[in-house]
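Worksheet: one structure, shown below.
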Amino acid sequence: MRTFLTWIVAFVLMGCSSYAEGGAMTLPESVVLPAQSKVVQSVTVGPADEDITLSATEQWFGVVGGSSTVSQGAEQSVKLWVEPNFSTTERKGEITVVGAKSGKSVTISVTQPPYFASITESLPARLECQTSSCDTSKWVSDGVCTPKGSSAVLCAVSKSGKELTYSVNSGACVAGMSKGDYLLFAVPTKGVKMGEQVDFMCTIAAVAASSPKYFIFEYWDGGQWHSVKESLRTAAEDSAIKYSLYCKYFTSAHNTTFTQSFTLTNPVIDGCVKVRLRCLSSGSGAIRIPSSRGYMGIYLIDYPEAPRVTEKRKILFIGNSFTYFYGTPFMFKEIARSEGHQVDAVVSVKGGQEFSEHLNLELSLDAIKQGGYDYAFLQDTSPNPAIYADTGKAEILEACKQINALTMTYSPSCQIIYERTWACPYDNYRGYGSYDKLDYLLKLGSQMLQAELEERVVVSPVGLGFKLAREQGIDLLYSDDRHQNRAGAYMKACINYLIVYNTRFSANVSNCGVSASTAQKIRDIAERVVFDGVEESYSF
């Protein structure tokens with residue numbers, strides 16, 4: 001990656017020229033834009049004896065608002081929006097200056113150096129925004145954020161011309177984004193073939209009530225930005241807004257999780273795969289790519305060796321931190337695609353939530369009411385099945401009935417899948433004193449709930465996979481001795497995949513960032529749990 005001693009904050013003027021005979025207007029002959037800058041660029045033009053208009057129509061920079069008029073006799077700074085030059089070659093453009101009375105026209109040549117000195121393969125790119133996996137040190141100073149050990153870049157572009165404010169507050173935050181501005185994620189690659197599918201997945205949060213709400217996902221292909229039109233939704237309050245996701249501030253934070261598949265119709269060779277989230281509504285409050293424990297901020301992956309997709313399924317994921325740690329739904333989608341299956345994943349996750357709470361969460365209700373699901377993974381707060389087996393607490397069963405009924409209302413043919421979660425030593429094994437007793441109660445409670453529910457429900461034996469892994473010395477727990485670590489998230493995703501597709505893994509299945517040897521052991525356990533039958537015994 002090319003390094004500059006300092007980011008260029010203003011135009012570098014290369015000489016000057018007179019707009020009209022007699023030097024009535026002083027203009028720079030040429031300007032150099034920075035390869036990447038978080039500061040809005042501007043050029044100052046001198047006084048003139050007539051009004052003049054400055055405009056530029058390039059894909060990568062332009063006058064804010066499309067054009068700007070400088071009044072007769074005035075000196076004025078004209079703002080430009082500029083997109084970073086995420087390539088290895090310089091690019092060129094022009095600013096056109098036209099006099100209102102004379103009609104005389106001159107151009108200012110514009111150049112922008114490349115950001116990268118060379119392209120290194122960076123797919124897949126996981127931007128988790130945590131200290132161990134992400135470099136946020138340049139976010140505040142330079143407006144860039146990169147995954148550790150990768151050349152991928154997250155930045156913000158102010159097409160509105162407003163100065164954006166950067167901070168690191170439980171993640172990479174940017175405030176002041178307005179309509180037309182966007183978050184840009186660029187991932188260098190040595191080659192992505194024409195027709196190759198790419199998956200984008202992200203978590204985004206609104207930090208204030210004034211944060212922009214609606215965003216559209218777009219990808220760069222063939223010199224143009226494209227949306228995935230079949231995935232767009234219509235805003236209830238404004239039918240003119242066709243959006244991909246909405247990001248809303250809640251007093252009790254609930255992040256938006258978004259996934260999107262797209263196919264490039266043009267190859268990318270020694271360049272970047274670029275995607276953006278563009279604001280469709282104004283705002284001033286910050287938005288954030290979260291960095292709280294276990295969050296997957298942004299992830300971009302292609303599938304060069306995957307089989308062709310022959311079928312597509314729409315799958316709902318409702319859960320809490322036992323779902324969002326290390327992006328388990330993302331892993332499920334990645335595993336499925338590597339095996340030749342397309343998944344349209346819709347996700348609503350919020351830490352610590354029970355089914356009864358999801359029934360009052362706007363984002364969870366919105367996800368359920370989108371409807372048309374083939375499968376729905378509904379994950380209650382992790383100890384609830386054990387509590388139900390131990391106490392028969394009626395509220396747990398009632399909440400299960402309610403969320404099942406709502407899901408089936410909007411997706412009548414949907415297969416509902418509950419997750420039997422895992423035992424952990426946290427809080428004296430949830431108060432039950434041992435792995436075995438908690439594991440037993442989680443199993444029993446899941447079976448009792450399944451038997452008592454009218455709707456058809458399948459139980460995914462994730463907890464049994466954790467039990468077998470623990471017995472083999474495979475650590476699946478995060479440092480808090482409660483949540484899943486990356487390998488634990490992979491175990492969960494593998495078992496859930498096998499439940500849905502009912503077929504063993506091929507040799508091409510993705511490891512999802514887990515070491516190859518550990519991933520193989522996890523897959524072996526998952527297949528044993530789902531297909532081979534495991535006799536369970538408990539001592540307590």
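The values are calculated or read from the model by the stated rules, or taken from the named source; none is laboratory data. It should be emphasised that the depicted structure is a prediction, and the values quoted were computed from it without experimental measurement. Every residue, glycine among them, receives a Cβ derived from its backbone with ideal geometry; neighbour counts consider all protein chains shown.
Annotations
- Among (1) touching a strand residue (DSSP E or B) at 6+ places or on another chain (Cβ under 7 Å); (2) free of Cβ contacts under 8 Å to residues at least 12 places away in the same chain - the single one Gly103 does not satisfy: (1)
- Selection of segment 70-97 for residues being crowded, with 16+ Cβ neighbours inside 10 Å and assigned to a strand (DSSP E or B) yields Val70, Gln76, Val78, Lys79, Leu80, Trp81, Val82, Arg91, Gly93, Ile95, Val97.
- Looking at Val144, Val140, just one residue is farther than 16 Å from Ile204 by Cα, in the same structural domain as Ala208 (by TED's automatic domain parsing) and surrounded by 20 or more Cβ atoms within 10 Å (Cβ to Cβ), and that residue is Val144.
- Subset of segment 197-225 that is over 24 Å from Val174 (Cα atoms) and touching a Phe, Trp or Tyr at 6+ places or on another chain (Cβ under 7 Å) - its residue that is surrounded by the fewest Cβ atoms within 10 Å (Cβ to Cβ): Gln197
- Just one of (1) under 30 Å from Ser167 (Cβ atoms); (2) under 17 Å from the mean Cα position of the chain (by Cα); (3) of a type in the set (Val, Ile, Thr) fails for Val228. It is (1).
- The residue of segment 444-485 that is nearest to the chain's Cα centre (by Cα), among those that are among the charged types (D, E, K, R) and closer than 14 Å to Lys521 by Cα, is Asp475.
- Scanning segment 499-535 for residues that are closer than 12 Å to Gly465 by Cα and buried (at least 21 other Cβ atoms within 10 Å of the Cβ) yields Ile522, Arg523, Ile525, Ala526, Val529, Val530.
- Pair list, Cβ under 6 Å, 6 or more apart: segment 434-446 residue assigned by TED's automatic domain parsing to the domain that holds Val529 and farther than 18 Å from Ser460 by Cβ, other residue crowded, with 20+ Cβ neighbours inside 10 Å and of a type in the set (Gly, Ala, Ser): Tyr435/Ala423
- Counting the residues of segment 351-365 that are at pLDDT 95 or above and within 20 Å of the chain's Cα centre (by Cα) gives 3.
- Checked against (1) outside any loop (DSSP other than H, G, I, E, B); (2) surrounded by fewer than 18 Cβ atoms within 10 Å (Cβ to Cβ), Ile108 passes all but condition (2).
- Test result for Glu29, touching a strand residue (DSSP E or B) at 6+ places or on another chain (Cβ under 8 Å), loosely packed, with under 15 Cβ neighbours inside 10 Å, modelled with pLDDT under 90 and farther than 30 Å from Val153 by Cβ: yes
- For first residues located in segment 112-137 and closer than 12 Å to Ser291 by Cβ and in a loop (DSSP other than H, G, I, E, B), partners that are of a type in the set (Ser, Thr, Tyr) and modelled with pLDDT under 80 and lie 6+ apart or on another chain with Cβ distances below 6 Å form the pairs Cys129/Ser291; Gln130/Ser291.
- The set of residues from segment 368-397 being within 24 Å of Cys424 (Cβ to Cβ), free of Cβ contacts under 8 Å to residues at least 24 places away in the same chain and small (Gly, Ala, Ser) comprises just one member, Gly392.
- Number of the exception - Leu245 against (1) in contact with a helix residue (DSSP H, G or I) (Cβ under 6 Å, 6 or more places away or on another chain); (2) over 30 Å from Thr89 (Cβ atoms): (1)
- Subset tally (residues that are among the charged types (D, E, K, R) and closer than 15 Å to Ile499 by Cβ) for segment 416-473: 3
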